[in-house]
Amino acid sequence: MPETVIVEPHEIVNQAECDEFSAQIREAIDGGATRLVVDCSRVRYMNSRALGVLLEAYMELMDNNGVVCLVAPDRAVRLGLEAVGLLALIEVTDSVDKALN
Amino acid sequence: MDRSRVLIIESCSHETESLSRGLEGKVGSVILASCAAEGLAVVEREMPDMILLDLSVGFAEASDFLHGLEQEGADFPLPVIVLADSDESANELPGIGRSEVLRKPASRADLTDKIEILLEVLHLRQELAAKNIELQKLAGELSHVLEMKNRFLDLATHDLRTPITTIKLVHDILEKQMLPEQGPGLQRVLDILARNVAKVESKIMELLLIARMDLGDIKLQVGRVELGAIVEDAISNFFPGAISRGIDLDAELKEVRPLVGDARRIGQLACELIACALERLDTGGRVVVEIREEDEGAVIRVKDNGPALQQEMVRQMLAGLENLEPTSQTRASLYAAYQIARSHKGRLQITGDADGGAVFSAWLPFVVEQDNKDGEEKSCRKP
């Protein structure tokens, strides 16, 4: 597993899509990723559980000096990140290229 | 009384002079007139405080005077004492019911007493009117202050709710992530944190309840409302709590044309519906927030997969929403949602879902009927 993993969630991450998203994140962390890039450029909504997954991913990676980076989260996703206190803690960029560099 | 002015209308100069000498100094200054026209001119020019009309000027003159006085249309009817030989001679005068009649010969003492009493009544009426104006002004200021208080209470309590749920979420994370390594010292700290957060949360919920109780008289700040953005904001308030409780808070937000309404109140309405649904779940479960267009308006629909909702429970929830009886937070939320929907000429609905669970929904028309001329603010009072 490479150190940097890019995850691309669905446009709407509700209950049905959240299991897949959670599995992708888990696979990346368990595989030893230290830089998790979540490409939110297509995402219009992330439900509470998906935000919880991001929060746990941040906590786990932080313990291992890892990083979570979100790419181009839109308004609704930003609101969710802010509500759970993550917006101030994680990296946010406007493109995948910038996230990889 | 020293500054009072009495107009005496009397034709007999000897008697007039005598009357005026006796009254001046006792009741204030005296102005003399000998006929109706002169009397009316004095009223318009000098604005006396009361009038003494002696019927010795003749019935016709007296009638003309009293009729002319009525035409003046003063703020307060001037007190008039009619001096007459008999009650019968005075009874036919216009507006005599509003005047005092004293039969001649009237003693100076009786006359003075009567004048003093009438002047006192006049002064009290004027004082009462002035106090009334002052009271109305104070009532207006109080109403404005109350409105400001309500707005602050509303905003502050809603804004405080989100950080509190975020703190609780962080507390849960700390407990799970750090406690196994840090041990009992951290546990004590976290327990103190949890207790104090619970206290603050309880106070906030009480404030929210008080803020909702004032919703019986909603003044709307009407403008263009993008419902999608409003509902996204509303949902975000509940993310921390939903994460803590393992609840899937989902959204299906279709494109909806802009509404005309009070954005803040509509946001509050969405929050109340979501709160109702979440209240029905313990841990786990799912709440779906949906918006769509329907019947020349938009619907905000919140569905949960909690216990099945029976008809009787729906009836109890909806009963008496005209007046708040705060038996529970759900009831307070429903009351607030009902008042806001109603103030927008919308509707609130609660139904049990076929798959179990409950649906709380509000329909709002695209355009709210304007009550006032400038169209910016509309008030809706409880019946």
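Please treat every number below as a calculation from the coordinates, not as lab data. All figures in this text were calculated on a predicted structure; none of them were measured in a lab. Cβ sites come from the backbone with ideal geometry, for glycine too, and all protein chains shown count toward neighbours.
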Using each residue's phi in the stretch B:300-315, evaluate 6.51 cos²θ - 1.76 cosθ + 1.60 at θ = phi - 60° and report the 3J(HN,Hα) Karplus result to the nearest Hz, with x for Gly and Pro.
9, 10, 10, 10, 10, 10, x, x, 4, 9, 7, 3, 5, 5, 4, 4
In square nanometres, what is one fourth of the surface area of the convex hull spanned by the alpha carbons of the stretch B:240-349?
7.4 nm²
Chain A: C-alpha gyration tensor shape, a/c 1.5 cut-off, then a/b vs b/c:
rounded
Any lysines whose Cα falls less than 27 Å from that of B:Lys104, other than same-chain ones fewer than 8 residues away, would be B:Lys26, B:Lys114
5 Å is the cut-off here: which amide hydrogens, built 1.01 Å from N in the peptide plane, fall below it relative to B:Gly246, excluding neighbours closer than 5 in sequence?
B:Gly284
Using θ = phi - 60° and the Karplus curve 6.51 cos²θ - 1.76 cosθ + 1.60, what whole-Hz ³J(HN,Hα) does each residue of the stretch B:160-172 get, with Gly and Pro shown as x?
6, 4, 5, x, 5, 5, 5, 4, 5, 5, 4, 4, 4
What aspartates and glutamates sit close enough to B:Lys131 to cross-link, taking a C-alpha to C-alpha distance under 17 Å and skipping anything fewer than 8 places away on the same chain?
B:Asp75, B:Glu120, B:Glu141
Using the basic label-point model (7 angstrom from Cα toward the beta carbon), what is the A:Glu8 to B:Arg103 distance in nanometres?
11.2 nm
Specify, per residue and in Å³, the volume enclosed by the convex hull of the alpha carbon atoms belonging to the stretch B:214-276.
89 Å³
Once you have the alpha carbon radius of gyration of the protein assembly as shown, what is it after dividing by 2.2 N^0.38 Å, with N set to its residue count?
1.67
Apply the Karplus curve 6.51 cos²θ - 1.76 cosθ + 1.60, θ = phi - 60°, to the phi angles in the stretch A:25-30 and return the couplings in whole Hz, x for Gly and Pro.
5, 4, 4, 5, 5, 5
Please list, in chain and number order, the residues 5+ apart from A:Val38 or on another chain whose amide H is under 5 Å from its amide H, with Hs placed from the backbone.
A:Val7, A:Cys69, A:Leu70, A:Val71
If unit charges are put on Cβ atoms (+1 for Lys and Arg, -1 for Asp and Glu) and the dipole of the stretch A:21-101 is taken about its Cα centre, the option from A:Val43, A:Ile29, A:Leu54 lying farthest towards the positive end turns out to be A:Val43
If the limit is 32 Å between Cα atoms, which of B:Lys303/B:Lys345; B:Lys219/B:Lys254; B:Lys199/B:Lys345; B:Lys168/B:Lys303; B:Lys176/B:Lys203 go over it?
B:Lys199/B:Lys345
Antiparallel content of DSSP bridges confined to the protein assembly as shown, in %, to 5:
45 percent
